[in-house]
Ligand code: SF4
Ligand code: SF4
Ligand code: SF4
């Protein structure tokens with residue numbers, strides 16, 4: 001039997017560094033069928049994960065340049081592919097489900113699609129996102145949990161990450177938006193997804209997010225940290241995104257939380273410790289911890305290190321300074337890839353070896 005175009009596209013997407021794993025139910029094909037027309041699927045099948053000009057794609061497809069230019073621009077506006085604008089020139093590439101098509105459909109997914117996405121996401125998280133040792137995000141502590149005597153790298157400090165950017169966009173959090181539409185969700189900050197550089201241009205031009213100044217981005221960051229959100233930047237020393245996530249809605253954190261030992265999977269250089277003699281057993285840290293890493297034991301709170309992802313949220317929750325965030329020893333420290341390209345190469349290499 002000949003495979004239909006959307007099944008072929010699913011297999012093509014699975015060849016990107018970030019997997020697009022196949023399910024038995026075929027829900028991932030249904031998602032592609034809802035997003036891509038047959039013509040768009042055929043075009044995406046001829047595209048690569050790295051940016052290319054219209055001429056290169058047109059030649060590969062044997063299509064007329066002008067007509068294809070319109071279709072590619074339209075596909076990028078719909079969030080099916082990524083676009084880099086350099087003056088009048090445009091470069092396009094296909095993208096994974098996440099980070100990629102899923103986030104780019106922030107404003108357009110309907111309830112039926114959301115149901116399919118929610119059916120697929122847990123599987124995608126397990127087999128795709130967390131299917132390799134290197135993942136697309138890492139965890140950095142909230143600033144309130146850092147001590148002056150720590151040696152913190154600039155890529156581990158949220159304020160430094162933001163101050164280093166020339167173009168910043170902020171978008172509504174798709175995890176919380178979708179959970180609310182599905183009748184779940186929480187009241188945490190909605191505008192919580194920041195993109196930088198080319199990602200920011202794409203978000204702004206596509207109406208997915210709005211441009212913010214450094215000062216406004218820092219205010220949004222402070223609000224997120226004060227309200228107990230977890231900071232998850234892109235997994236690179238040159239950072240391209242910064243998410244502020246809650247343990248209840250965030251697909252990434254829910255994926256981690258479902259594991260027995262999230263600390264072994266999360267890219268983090270920190271963990272927390274509680275001074276039993278200072279703890280007044282109020283339980284606030286246990287309530288706030290997004291990983292269920294804290295339990296109350298007799299008259300003190302206790303941290304399970306296998307579950308602690310070093311987000312520092314518990315430090316912000318404690319009114320008597322009984323919680324401290326500690327740095328892992330030097331030989332255990334995680335050094336992120338240089339940038340998004342190196343991160344993708346690491347993931348691709350790990351998939352080949354597995
Ligand atoms: S990853 Fe975090 S900030 Fe980004 S959409 Fe999900 S919960 Fe929101
Ligand atoms: S105990 Fe929980 S809240 Fe505290 S740093 Fe670890 S994961 Fe974060
Ligand atoms: S918030 Fe502080 S005082 Fe309260 S249980 Fe946690 S460590 Fe103890």
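The values are calculated or read from the model by the stated rules, or taken from the named source; none is laboratory data. All values reported here derive from a predicted model rather than from experimental measurement. No Cβ is skipped: glycine too gets one built from the backbone with ideal geometry, and neighbour counts run over all protein chains shown.
Yes/no per residue for (1) crowded, with 17+ Cβ neighbours inside 10 Å; (2) more than 23 Å from residue 336 (Cβ to Cβ):
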position: 48; (1), (2): no, yes
position: 59; (1), (2): no, yes
position: 89; (1), (2): no, yes
position: 129; (1), (2): yes, no
position: 133; (1), (2): no, no
position: 159; (1), (2): no, no
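Checked against the criteria, residue 259 does not count as out of contact with any strand residue (DSSP E or B) (no Cβ under 8 Å at 6 or more places or on another chain), closer than 20 Å to residue 125 by Cβ, modelled with pLDDT of 95 or more and within 16 Å of ligand 1 (Cβ to nearest atom).
Scanning the stretch 262-287 for residues being within 16 Å of ligand 1 (Cβ to nearest atom) and more than 21 Å from residue 122 (Cα to Cα) gives a total of 1.
Only residues that are within 10 Å of ligand 2 (Cβ to nearest atom) and at positive phi were counted across the stretch 293-308, and they come to 0.
Checking each residue in the stretch 10-35 for being surrounded by 22 or more Cβ atoms within 10 Å (Cβ to Cβ) and assigned to a loop (DSSP other than H, G, I, E, B) picks out 18, 20.
Given the condition in a loop (DSSP other than H, G, I, E, B) and either within 13 Å of ligand 2 (Cβ to nearest atom) or touching a residue at least 12 places away in the same chain (Cβ under 8 Å) (or both), answer yes or no: does some residue in the stretch 215-224 qualify? Scanning the stretch 215-224 turns up no residue that is in a loop (DSSP other than H, G, I, E, B) and either within 13 Å of ligand 2 (Cβ to nearest atom) or touching a residue at least 12 places away in the same chain (Cβ under 8 Å) (or both).
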